[in-house]
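Quick note: the coordinates plus some simple rules give every number you see, no bench work behind them. Because the structure is a prediction, the values reported are computed rather than measured. All Cβ positions, even for glycine, are placed from backbone atoms using ideal geometry, and neighbour counts span all protein chains on display.
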Amino acid sequence: MEEISRMGEIDEQTALTISAARAKALNEGFLQTRYIPGERGFRIPFLFLDGTIGSAIFWKAREPGFWDPIHQRAWYLQEPILSPRVLESGTHNTRWHCVRHCVQNRNEDSSPESDGWIGDSRIFTRHHMSSQLVQGMHWAALEDPDVFTSMWESLIMHYTCRGIGCQEDRLLAVSAIAKKMGHIAKKKYMAGLWQEDLALLMWKPSDAKQSQNNGDIRPKTYVAPSWSWASIGRAVEFPNTAFTILMDGLRIIDVEIQTRIPSDEFSAVVSAALTIRTLALPCRFTHASTRLWSYDLQGELGIFAEFDLGDQYVLDVQDDGEGELAWISTQGGLVRKKNPNGLSYSRVGVFSERFGFENSECDRKEMEVVLV
């Protein structure tokens, strides 16, 4: 475990990382003859008005979402971000990437040098960012809170689309990047999220069509607390935090996280509990329905709920299950359900108010909310 937690240091201190990007398995290499899939194209001649003969080439391009095998692996995300130089031997080309060159030429086209078409390789995707994800990550800019949050969101949305063999490694495989980002921005880490960015608690499962992650929605073994995106084995997305207005008075009361390596807060999580103070409202669940019931109002709440486990959750939930809504922002918050022990609550989804915060009929009360 300690060796795994040091992988980030190893990546940063390498002179050159050579990546067999096209290898589908450990027993495959990249020095054998490379098969490059054929592509069909044809040329049609035409005549310009001045009598000059020209031609147009029609070509069926590769699928835009092409993934080299290595780019489907969650564990590989850290290497090209932290390594100073990367030589990738891909399916369609060989790519050379130098972090220093990319940073020095940030305002220019800093696409990796290659011996062929670079296309839309997933490792160089932008994911709604002003600069490409892997090419010359601008670490110094992370001191800006907005840049930090945007970068982390994009990173995790990209990361969770990748497959991982062992779900228990879900936090470990991105821990080195988290450690470096947290050190630069001086932020406090908590199981894949940051104490200074409570809007990130509003993550939800994504329907990303190009996701390579087909793990269990909720892993059978403990990976992370229910309020962390790492607690589900699927791709996730975040709300637009730039336009998220947090609740007045929302604050963290306590964070208790036990990691597998006690001295390393970025290590795998063994147990965790988060206590926040915010507005909350008791609710009841109804079998096979996303509608939530309030005994105070004697009727259904004007709430739109999205459950982490999707349709399977509303089919499994029992009538009259006890729950609670905890507001994170003026747009909505977390749906939590009482655990069988009757003492603690777990997150089961997120909600938004249909008629807005100001027009809500909910009788919310400020209280301490504990999530495990």
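Numerical summary
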{"item": "Other-chain or far-sequence residues with amide H under 5 Å of T259's (modelled H)", "result": "V270"}
{"item": "Of K220/K337; K204/K338; K187/K365; K179/K220; K204/K337; K24/K180, those spanning more than 22 Å from alpha-carbon to alpha-carbon", "result": "K187/K365; K179/K220; K24/K180"}
{"item": "Rough spin-label spacing in nm, given labels placed 7 Å along Cα→Cβ, for K365 and E9", "result": "5.1 nm"}
{"item": "Ordering of 91-98, 169-176, 338-345 by burial proxy (mean other Cβ atoms within 10 Å per residue, highest first)", "result": "169-176, 91-98, 338-345"}
{"item": "The stretch 10-25 - phi-based ³J(HN,Hα) in whole Hz, Karplus 6.51/-1.76/1.60, Gly and Pro as x", "result": "5, 4, 5, 9, 6, 6, 8, 9, 9, 10, 7, 5, 8, 6, 8, 8"}
{"item": "Phi-based couplings in Hz for the stretch 252-268 (Karplus 6.51, -1.76, 1.60; Gly and Pro marked x)", "result": "7, 8, 7, 10, 10, 10, 9, 9, 5, 10, x, 7, 10, 5, 9, 6, 4"}
{"item": "Separation of the I184 and D207 label points, Cα + 7 Å toward Cβ, nm", "result": "3.5 nm"}
{"item": "In Hz, Karplus ³J(HN,Hα) per residue of the stretch 150-164 (6.51, -1.76, 1.60; θ = phi - 60°; x = Gly, Pro)", "result": "4, 5, 5, 4, 4, 4, 6, 4, 5, 4, 6, 7, 8, x, 9"}
{"item": "Built amide H within the under 5 Å cut-off of Y345, gap 5+", "result": "N339, V372"}
{"item": "For R218, residues with placed amide H under 5 Å, excluding near neighbours", "result": "G233"}
{"item": "E306 versus F58: modelled label distance in nm, points set 7 Å from Cα along the beta carbon direction", "result": "4.1 nm"}
